[in-house]
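Note sheet for the following structure.
The values are calculated or read from the model by the stated rules, or taken from the named source; none is laboratory data. Treat the numbers as computed from the prediction; the structure is a model and nothing was measured. Here the Cβ positions follow ideal geometry from the backbone for every residue, glycine too, while neighbour counts run over all protein chains shown. For accessibility, only protein heavy atoms count, side chains too; no ligands or nucleic acids. Shrake-Rupley method; radii C 1.70, N 1.55, O 1.52, S 1.80 Å.
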Amino acid sequence: MARIAGVNIPTNKRVVIALQYIHGIGPKVAQEIIEKVSIVPERRVNELTDAEVLQIREVIDRDYMVEGDLRRETSMNIKRLMDLGCYRGLRHRRGLPVRGQRTHTNARTRKGPAKPIAGKKK
């Protein structure tokens with residue numbers, strides 16, 4: 001089992017698919033990494049040599065922000081917005097949709113399960 005960026009990637013999948021198990025690597029970035037390391041896209045993770053795994057690890061460490069660093073960066077950006085007190089920061093603080101969605105109905109993902117209101121019957 002190959003371990004890249006602190007994540008155990010599955011061994012029986014193609015390298016392009018397995019790299020996407022790392023937070024911050026999607027289809028496009030996974031394809032770029034494979035091209036930089038010059039690995040055939042049909043290869044599977046268990047067919048990779050230790051040198052190739054090391055090359056992939058070095059490319060990811062050098063060129064991309066993934067896993068813990070990316071999560072930390074994202075949370076710091078949200079915290080900065082909240083500290084500024086801007087509109088987006090206030091929406092984050094209150095747990096409401098940030099990008100202009102309606103909240104009269106829907107928005108249950110951000111607001112959580114519906115809370116019953118006492119005495120409201122029609």
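Please sort through the DSSP H helices of the chain and keep those with an alpha-carbon extent of at least 18 Å along the long axis and a Kyte-Doolittle average not below -1.0.
Answer set is 50-63, 67-84.
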**Asked** For the residue pair Lys120 and Leu96, what label-to-label distance in nm results when each label sits 7 Å from Cα along the Cα-to-beta-carbon direction?
**Response** 1.5
**Asked** Hey, quick one: spin label on Glu32, modelled 7 Å out along Cα-Cβ, who in region 67-86 has an amide N within reach, i.e. under 16 Å?
**Response** 67, 70
**Complete:** Around Gly26 (Cβ within 14 Å, Cβ-to-Cβ, excluding Gly26; K/R +1, D/E -1) the net charge comes to -1
**Request:** Could you work out which residue, out of Gly85, Gly26, Gly112, moves most in a Gaussian network model of the chain, that is, has the largest mean-square fluctuation with Cα springs under 10 Å?
**Result:** Gly112
**Carbon and sulfur %, accessible surface of the chain computed with the full protein complex present, 1.4 Å** = 52
**Message:** Assuming 0.36 nm per residue, please report the length gained on full extension of the stretch Arg110 to Glu58 beyond their Cα-Cα distance.
**Reply:** 15.0 nm
**Message:** Below 19 Å, Cα to Cα, which aspartates and glutamates can Lys13 reach? Residues fewer than 8 away in the same chain don't count.
**Reply:** Glu32, Glu35, Glu42, Glu47, Asp50, Glu52
**Message:** What number comes out for accessible area per residue over region 17-122 if the probe is 1.4 Å? Units Å², please.
**Reply:** 76
**Prompt:** For Ser38, Ser75, what's the largest-to-smallest order of accessible area, 1.4 Å probe?
**Reply:** Ser38, Ser75
**Complete:** Reviewing (i) 23, 16, 13; (ii) 42, 18, 12; (iii) 29, 22, 11, the figure for semi-axes √(5λ) of the Cα gyration tensor in Å actually calculated from this model sits under (ii)
**Fill in**
Residues whose modelled amide H sits under 5 Å from the amide H of Ala2, counting only those 5 or more places away in sequence or on another chain, are Ile9
